[in-house]
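Participant: Take a look at this one; I'll ask things after.
The values are calculated or read from the model by the stated rules, or taken from the named source; none is laboratory data. Just so you know, these numbers come straight off a predicted model, no measurement behind them. Please note: Cβ atoms are built from the backbone with ideal geometry, for glycine as well, and neighbour counts cover all protein chains shown.
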Amino acid sequence: MGPVLFLVAVVVIWAAFTFNRLTRLRQMSNNAWADIDVQLKRRHDLIPSVVAVVKGHAGYERSTLEALVAARNRAQEAAGPAARYTEENPLGQQLRGIFALAEAYPDLRAAASFAGLQRTLVEVEDHLQNARRYYNAVVRDFNVAIAQLPTNLLAGALGFRQREFFGLDDAAERAVPRVETGT
């Protein structure tokens, strides 16, 4: 009975090690998603300030500001990484549009409050990019771990499921933009 007992002990130790590894990766992905969520909340919280500053300095670009607020509202309502990314991408584009708008209004561009908001938003975008990169790396590791043999046998039985990435799904969005030089 010695070899059978040894084999059972090896399987139990492997199962415990595998379960703990998958649990650690799942918790790391939960933590990484929470980091993304914090950065997205910071971005969302800055938008009313951006709108107020632009209203005060830019002759009230109503359609641009309304589009920004609508994009923020859609982004806040999205659930899950894929849906969240789908709604956050247009929000980022709207924010870039607001900062491009500053070029048409020198007094807005010169306003200290606008410059401060712009710096803060750039910082938030940098943190968000780093958080997204870390989250996607952890999700990749988790997804690979639960797909490999023999771990996939235990992962499926214990309810570990693949996680969504926070990134581009559409190949057209991933494509590098072409620059026409006219030569």
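Participant: Confirm whether Phe160 is in contact (Cβ under 8 Å) with a residue 40 or more places away in the chain, closer than 30 Å to Thr18 by Cα and more than 20 Å from the chain's Cα centre (by Cα).
Facilitator: The answer is yes for Phe160.
Participant: When Asp169 is evaluated against the numbered criteria (1) modelled with pLDDT under 90; (2) among the charged types (D, E, K, R); (3) buried (at least 17 other Cβ atoms within 10 Å of the Cβ); (4) not in a helix (DSSP H, G or I), which criterion, by number, is the only one it fails?
Facilitator: Exception for Asp169: condition (3).
Participant: Tell me, which helices (runs of 4 or more DSSP H) lie completely within the stretch 14-126 with 2 or more residues that are surrounded by 14 or more Cβ atoms within 10 Å (Cβ to Cβ) and in contact (Cβ under 8 Å) with a residue 24 or more places away in the chain?
Facilitator: So the answer is 62-77, 81-101.
Participant: Condition first: among the aromatic types (Phe, Trp, Tyr) and modelled with pLDDT under 80. Now tell me which residues in the stretch 34-90 satisfy that.
Facilitator: Once the filter is applied, which keeps residues that are among the aromatic types (Phe, Trp, Tyr) and modelled with pLDDT under 80, the stretch 34-90 yields only Tyr60.
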